[in-house]
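A short reminder: the numbers here are calculations on the coordinates, not readings from a lab. Note that the structure is predicted; figures quoted are calculated from it, not measured. Here the Cβ positions follow ideal geometry from the backbone for every residue, glycine too, while neighbour counts run over all protein chains shown.
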Amino acid sequence: MPWFSPGLNKEQITIKKNCMKKNTNKISAFFYRCFPVVVLFFFAGQLYAQEDSAMVEAPLKPEVRLAKNTFESNFLMDNQTVMVPKKGSLEMAIQHRFGTVNNGVKDMYGLFAPSNIRLGLSYAPINKLNVAVGLTKERMQVDFSAKYALLKQTESNKVPVSVTYFGNVVIDTRDKVNFRYGVHRFSYFNQLLIARKITEKLSAQVAPSFSWFNNVEGYVNSKGDIVNLMKNGHLAISFMGRYKFSDKSAVVINYDQPLTQHPSKNPQPNLSLGFETTTDSHAFQVFFANYYGIVPQSNNVYNQNDYREGQFVIGFNITRLWAF
């Protein structure tokens with residue numbers, strides 16, 4: 001007789017099957033609960049791996065850094081510079097020219113001689129563009145001008161120079177007896193400024209220009225024809241350099257060469273040498289130059305001061321810049 005009965009063995013088998021069924025249900029429940037989490041982590045890992053791979057395969061482009069402070073002001077002595085203030089900048093300018101120094105103590109080297117002055121105001125409504133208006137004592141001229149930055153030099157030298165266009169319209173507001181027609185009051189100036197910051201201390205600029213006067217001097221010959229003493233259009237070129245000997249101070253030099261030959265009264269070239277000091281919002285320049293005029297086309301077309309004869313004037317420029 002066996003030590004266990006068949007009925008008892010059947011009951012034990014049933015209990016074992018029930019236990020296995022319960023355990024299987026627990027495992028199934030655990031699997032169904034955990035499966036979505038496992039899938040989520042799996043896909044998240046795949047996405048992270050793809051993003052990480054994309055970052056490795058396509059690195060960010062390096063930032064383009066522009067050369068800064070090629071010059072410290074809108075203009076230098078008698079010429080515009082390649083610089084255009086940033087958007088929202090307002091600048092006031094005072095430009096003054098004394099008389100020629102070659103009379104010596106008779107007029108205290110031009111300080112007591114009749115002087116020329118310009119008051120100007122400029123504003124940058126958008127990036128790269130500057131517009132200005134000014135009043136000049138000589139010929140009672142009112143000028144309207146615009147300057148636009150076409151190219152800007154980069155530190156990497158991918159763009160090796162800065163290029164800016166400058167142009168103006170000037171109205172001679174003297175009495176109407178000086179003009180036959182109203183349109184004769186107008187003159188125009190166009191200039192392409194090309195500059196390079198060579199080192200942190202040295203900057204240079206070259207600038208070809210074209211001036212146009214609707215009215216020039218003339219006479220009536222024996223045949224009754226009007227003969228102009230000068231051409232209406234005039235080509236010229238200027239060269240400018242600045243060398244900084246400290247963070248805020250520099251020596252500056254400029255030369256303007258007329259190119260057009262006129263029937264008479266050919267203008268003389270201009271040689272300028274000066275000193276500049278600046279702050280974050282001011283620029284002050286004092287210099288010797290041949291140009292007595294301040295409006296660029298008047299200087300380029302009508303200058304008769306000859307540096308070879310010592311016919312220099314003392315001039316200064318003061319600017320105040322506000323950034324809004």
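Side notes on the structure shown:
- Remark: the Thr277-Leu121 segment gains 54.1 nm on full extension, using 0.36 nm per residue and subtracting the alpha carbon distance.
- Cα-based Kirkwood hydrodynamic radius, the stretch 223-324, one decimal, Å: 15.6 Å
- Sorting the segments 69-81, 174-186 by their residues' average number of neighbouring beta-carbon atoms within 10 angstrom, most packed first, yields 69-81, 174-186.
- Length released on extending from Val64 to Val159, taking residue separation times 0.36 nm less the Cα-Cα span: 33.2 nm
- Put in line by how crowded their Cβ is, counting other Cβ atoms within 10 Å and starting with the fewest, Glu200, Glu91 read Glu200, Glu91.
- In the stretch 197-281, Cα pairs under 8 Å separated by at least six residues give a relative contact order of 26 percent.
- Local electrostatic count, Thr164, Cβ distance below 13 Å [Lys/Arg +1, Asp/Glu -1]: +4
- With a cut-off of 18 Å on the backbone N, the residues of the stretch 295-324 near the modelled label site 7 Å out from Leu129 along Cα-Cβ are 324.
- Near Phe213: Cβ cut-off under 13 Å, other residues only, Lys/Arg at +1 and Asp/Glu at -1. The net charge is +2.
- Leu192-Phe144 FRET efficiency (beta carbon distance; Förster radius 22 Å; 0.05 resolution): 0.70
- A crude spin-label estimate for the pair Ile226 and Val183, with each label 7 Å from Cα along the Cβ direction, gives 1.1 nm.
- Our estimate of slack between Thr173 and Ile94, defined as 0.36 nm per intervening residue step minus the Cα-Cα distance, is 26.4 nm.
- Other residues lying with their Cβ under 10 Å from the Cβ of Lys244 contribute a combined charge of -1, Lys and Arg counting +1, Asp and Glu -1.
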